Amino acid sequence: MATEAPEKLTKKAITADHPTWCPACGDFAVLAAFYKTLEKLQLPHEKIVTIAGIGCSSRFPYFVNSHGMHFIHGRALPLATGIALSRPDLHVFVFGGDGDGFSIGGNHLDHAARKNVNLTYVIMDNSVYGLTKKQTSPTSPIGYKSKTDPTGAIDQPVNPMRKLVANGSTFVARSHAAQVKHMREMYERAIRHNGFSVVEILSECVVFYPGAFDAGNPRKGGEFPIIEEKLWDGTPEDESRHDVTDFHAAMRLAEEPSPGKFGVFFENDERPTKNALEQRWIDSSREKTGGAGAKKLLSGRFAAMK
Amino acid sequence: MSSPPPAAHPDALTPDPAAQGSLQDVVIRLAGNSQDGIQSIGGFLARLAGRSAQDVMTYMTIPSTISGGASIFQVHLGSGEVLSPGDEADFLIAFYQHSLDNHIASLRDGGVCIYDSDHCEPDTSDKRVTYVGVPFTSATVEAIGGSARDKGKNMFVLGQLVRVFHLDKQKLVEIIERTFGRKSEDILRNAMLAFDAGYAYEIGDVASGQFSIQSGDDDGHDRIATDGNQMMVSGLLAAGVRYGSGYPITPWSTIMETLRVELPKYGGLFVQAEDELAAVSMAIGMGYSGHLAVTGSSGPGLSLKMEALGYATMAEIPLIVINVQRGGPSTGLPTSVEQSDLMQAIYGSHGDTPRAVLAPQDVEDCFYIAVEACRIAKTYSMPVIILSDQALATRIEAFREPDLDEWVEEPDLDLSERPDDYVPYPANGLTQHAPPGTKMAGGKYPVMSGLEHDEWGHPSSNPEQHAMMNARRRDKLVILADELATPEVHGAQEGEVLLIGWGSTYGPLRETVNRAGDRAIGHLHLRHIHPLPPGMEDIFAKYKKILVVEMNDRGVYGHGQLATLLRSRYCDPKITSLAKTDGLTFKIREVLAGIESISPSA
């Protein structure tokens, strides 16, 4: 009711089933960071929509108590596009894995980016097909031994950052499931971004690809190099810092060898969203017809057929 | 003019004596190339017919090449009921030698061929028909002048036809002015110069009045003339569809092009997707969001949508799917007509995926079928496939304007709070979703799933649960079938042969019955393909033979797709099949021959 103060969104309120993931799966931390972010941002509970395709990570919507949809393999983005464009009042989140995003749904990723649909997409990349029990994934490195490549993967893996920066995604960030604070920061910036925002999170499959991302985990002897963004303070140190609006600089970061850098690679706040462009067209169409109702519009349509 | 003096063949176009030298109906075939604008001649004649209380049906072929290539447009004009584009032409208008050579055989004995004497040389020794040569090209160039070349010769020919058939020139000029006046004054002026030149061009006896067409009986209702794709869009708009998504494919594309322009006027949106899979997924997203959404395609595109359509059945999302059928399989015959997607529409996708399948019977019915599809999708929360076809999509007919007071419904997005006891999939009730944005009083939010699920949508692989949910989804069609009316039979209510058809064969089948004389032939037309309407066994029992007429292959066991379905459903061996796949609509004589083959006349 309008007179009541809005209910506070708590972690308890947005928690649903206990995840079916294997113990110690990286995805637990991805989920926990999402709860924390929602709690901090206090979005209206009924306006949160959690969407996923198929895969281990795509079970996500069952673990979040919000409106949601567990869709078919690879098509979560067009589904979410239909929701975001027809209901701009909603906060649309899509979760999925590397198979869903870079393989079966690869075409949709490029087009959602090109259209700049206003939604947030979190890709939980484990570099293996886990739900189907260890086949080579689009991000499996060359040499990775799987059931479909018993002597080691031979196809060149997708470089997620290069693909995302190149396809026109207007917010591109990278994080690691072992870094909860960093993930939350990336989520928050992605959600605040107006447009198509993507966060790729290296999330280890402890059963089929243990240790895949140890190189990016200081507790496992690796390192977690964070992108230092320009502060625009005119200092000499600022010269070497990363300009997130610089496409070429983002592409150079994407080419860095493993473990690569973490943080925001690219952000473009200038390009209008498809939501805004379509609304502009709706408004100008409505203006031309004087906001007429369906009966009047159809009557005019039939008059032209006489 | 190099042609012999025009004179009507004694057997030609025998005028109705009661009408004092005027004709009840005439079939005109225009043959040229696709860039000559012959479609617009047909369009103008059709709109004029609509305004003159005449009936009209057009038929056209366009090559699937981008520009150029032979093209025909056939117009059947009449003062009575016009049900088919006509088996044979009474008049052939030939723009080129190839048009003449390829289509002269379609002209009936005693027919009239008017040809462009700048481009054609007819075989004047052929006394079967009357040849009239008119220099369409040079006369148009002379009339318009300047550098217009021969653009506008379609308007010249239109002027001639108005003269030959004594059509209402004033009404037609009004329609031309409305059409071209919207573009620019220059275009209108050139069109009228060509039209007037054609009207004034002296062609002798052919224009003497012997071929004038009677006006129809004006019943006082406004009439409109348009094609099936445009009426389909009109029906969707009337029924409250405001969102959709699609991918271009012939002959579906004009529906999506029109929706893309029309929906924003209604505050809605149509999205051009990157592929067919994305198109159906976006539309499901719009449907989940609480709107009634549409997607559509033609044959190959429908196949691509099948996985997601299975999801829509499983998650019980209301969705309208239009399939404008064309010749298959594969890329097949993109600009020809066929009805070979029936089984795909009913049974396509994996698993048991019940959904409703409807088929409009003519252009006018595209409107009412779309409205009904919307009602079914919303009431039963499921996908509904509308099977249109290339012939319906592109042909123009004139008919009574739908009563907007009766049919227009403004959509309503229901985001009211759902009570404590709300469940998305109640065991004993129909699904009505709580779209996102809806508050849930019980604090628990629904997740739609493609996994088998319980009442809450929660995944469950319990064996009883799966059987129960399959039954629940299937029983929606059982309930729907119960509320359908038994179709009426046209013609003989019992006797020799019952013709059964679906989709665009309606006209030819009805006309066959009308022409069957005193033979006891009836025609039953199915608009509801799946589920089938009730009470048909009782009708079947009244006939000796049943002939299911459809445009698809007779298959390994000798029966077309609907015939196979009906034989399986009614286990009635007297159900036989007349199926063909030549990419053309049925001719009356083909249906009569089919009847003859199962029930020879005495």
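The values are calculated or read from the model by the stated rules, or taken from the named source; none is laboratory data. Predicted, not measured: the structure shown is a model, and the values here were computed from it. All Cβ positions, even for glycine, are placed from backbone atoms using ideal geometry, and neighbour counts span all protein chains on display.
Take the residues in segment B:68-105 that are part of a loop (DSSP other than H, G, I, E, B) and in contact with a Ser or Thr (Cβ under 8 Å, 6 or more places away or on another chain); name whichever of them is surrounded by the fewest Cβ atoms within 10 Å (Cβ to Cβ).
Residue satisfying both the conditions and the ranking: B:G68.
Restricting attention to segment A:98-110, does a residue exist that is in contact with a Phe, Trp or Tyr (Cβ under 6 Å, 6 or more places away or on another chain), away from chain B (no Cβ under 14 Å) and of a type outside the set (S, T, N, Q)?
yes
Residues that are not assigned by TED's automatic domain parsing to the domain that holds B:V26, at least 1 per element: which helices (runs of 4 or more DSSP H) completely within segment B:119-186 meet that?
Of the helices (runs of 4 or more DSSP H) lying wholly inside segment B:119-186, none has at least 1 residues that are not assigned by TED's automatic domain parsing to the domain that holds B:V26.
Taking the conditions exactly as written (over 16 Å from A:G82 (Cα atoms), charged (D, E, K, R) and assigned to a loop (DSSP other than H, G, I, E, B)), does B:E338 satisfy them or not?
yes
State which residue pairs qualify: first residue within 18 Å of B:I176 (Cα to Cα) and more than 7 Å from every other protein chain (Cβ to nearest Cβ) and inside segment A:281-306, second residue part of a loop (DSSP other than H, G, I, E, B) and of a type in the set (A, V, I, L, M) in any location, beta carbons under 8 Å apart, and separation of 6 or more residues or different chains.
Here the result reads A:G300/A:A292, each pair linking segment A:281-306 to a residue that is part of a loop (DSSP other than H, G, I, E, B) and of a type in the set (A, V, I, L, M).
If we scan segment B:291-304, do we find a residue that is crowded, with 24+ Cβ neighbours inside 10 Å, part of a loop (DSSP other than H, G, I, E, B) and of a type in the set (G, A, S)?
Yes, there is a match, as at least one residue in segment B:291-304 is crowded, with 24+ Cβ neighbours inside 10 Å, part of a loop (DSSP other than H, G, I, E, B) and of a type in the set (G, A, S).
Can A:F208 be described as in contact with a Gly (Cβ under 6 Å, 6 or more places away or on another chain) and more than 14 Å from A:A29 (Cβ to Cβ)?
Here the answer is yes, as A:F208 does meet what is asked.
Any idea which of A:R271, A:R219 is charged (D, E, K, R) and either in a loop (DSSP other than H, G, I, E, B) or in contact with a Pro (Cβ under 9 Å, 6 or more places away or on another chain) (or both)?
Exactly one residue qualifies, and that residue is A:R271.
For A:T81, are the conditions met, namely being in contact (Cβ under 8 Å) with a residue 24 or more places away in the chain, within 14 Å of chain B (Cβ to nearest Cβ), among the polar types (S, T, N, Q) and not in a loop (DSSP other than H, G, I, E, B)?
For A:T81, the condition - in contact (Cβ under 8 Å) with a residue 24 or more places away in the chain, within 14 Å of chain B (Cβ to nearest Cβ), among the polar types (S, T, N, Q) and not in a loop (DSSP other than H, G, I, E, B) - is met.
Going residue by residue through segment B:502-509, is there one that turns out to be in contact with a Phe, Trp or Tyr (Cβ under 8 Å, 6 or more places away or on another chain), farther than 26 Å from B:A377 by Cα and not assigned by TED's automatic domain parsing to the domain that holds B:V363?
Yes, because at least one residue in segment B:502-509 is in contact with a Phe, Trp or Tyr (Cβ under 8 Å, 6 or more places away or on another chain), farther than 26 Å from B:A377 by Cα and not assigned by TED's automatic domain parsing to the domain that holds B:V363.
Can you tell which of B:T250, B:T226, B:T254 is part of a loop (DSSP other than H, G, I, E, B) and closer than 20 Å to B:I396 by Cβ?
Answer to the check: B:T250.
A:F63: closer than 25 Å to A:A32 by Cβ, more than 9 Å from chain B (Cβ to nearest Cβ) and surrounded by fewer than 24 Cβ atoms within 10 Å (Cβ to Cβ), yes or no?
The answer is yes for A:F63.
Counting only residues that are within 26 Å of B:L92 (Cα to Cα), buried (at least 17 other Cβ atoms within 10 Å of the Cβ) and within 14 Å of another protein chain (Cβ to nearest Cβ), how many does segment B:169-199 have?
Result for segment B:169-199: 4.
Going by the structure shown, is B:T564 more than 29 Å from B:E88 (Cβ to Cβ) and either of a type in the set (V, I, T) or modelled with pLDDT under 95 (or both)?
Yes.
Anything in segment B:415-448 that is at the interface with another protein chain (Cβ under 8 Å from one of its Cβ atoms) and not in a loop (DSSP other than H, G, I, E, B)? List them, or say none.
Scanning segment B:415-448 gives B:M440, B:V447, B:M448.
For segment A:17-38, give me each residue that is buried (at least 21 other Cβ atoms within 10 Å of the Cβ) and within 14 Å of another protein chain (Cβ to nearest Cβ).
Hit for segment A:17-38 is A:L38, nothing else.
Please go through segment B:249-292 and pick out each residue that is under 17 Å from A:M69 (Cβ atoms) and facing another protein chain (nearest Cβ under 7 Å).
Passing the criteria: B:L277, B:A278, B:S281, B:M282, B:A283, B:I284, B:G285, B:M286, B:Y288, B:S289, B:H291.
If we scan segment A:125-132, do we find a residue that is surrounded by fewer than 24 Cβ atoms within 10 Å (Cβ to Cβ), away from chain B (no Cβ under 14 Å) and either over 22 Å from B:L277 (Cα atoms) or touching a Phe, Trp or Tyr at 6+ places or on another chain (Cβ under 8 Å) (or both)?
yes
In segment B:170-191, what count of residues is obtained for those that are in contact (Cβ under 8 Å) with a residue 24 or more places away in the chain and over 29 Å from the mean Cα position of the chain (by Cα)?
Residues in segment B:170-191 being in contact (Cβ under 8 Å) with a residue 24 or more places away in the chain and over 29 Å from the mean Cα position of the chain (by Cα): 2 in total.
Looking for whichever is loosely packed, with under 15 Cβ neighbours inside 10 Å and in contact with a Ser or Thr (Cβ under 9 Å, 6 or more places away or on another chain) here; the options are B:E142, B:E121, B:E202. Which one fits?
B:E121
Among the residues that make up segment B:336-352, is at least one of them at pLDDT below 95, under 22 Å from B:L392 (Cα atoms) and not aromatic (F, W, Y)?
Yes, segment B:336-352 contains at least one residue that is at pLDDT below 95, under 22 Å from B:L392 (Cα atoms) and not aromatic (F, W, Y).
Would you mind listing the helices (runs of 4 or more DSSP H) fully within segment B:458-552 where at least 2 residues are touching a residue at least 60 places away in the same chain (Cβ under 8 Å) and surrounded by 13 or more Cβ atoms within 10 Å (Cβ to Cβ)?
Per the criteria, B:463-483, B:506-515.
Please go through segment B:307-316 and pick out each residue that is closer than 22 Å to B:A427 by Cα, within 27 Å of the chain's Cα centre (by Cα) and crowded, with 24+ Cβ neighbours inside 10 Å.
B:A312 - this is the single residue of segment B:307-316 that is closer than 22 Å to B:A427 by Cα, within 27 Å of the chain's Cα centre (by Cα) and crowded, with 24+ Cβ neighbours inside 10 Å.
So, in segment B:497-520, how many residues would count as being touching a Ser or Thr at 6+ places or on another chain (Cβ under 7 Å) and farther than 19 Å from B:L566 by Cα?
4
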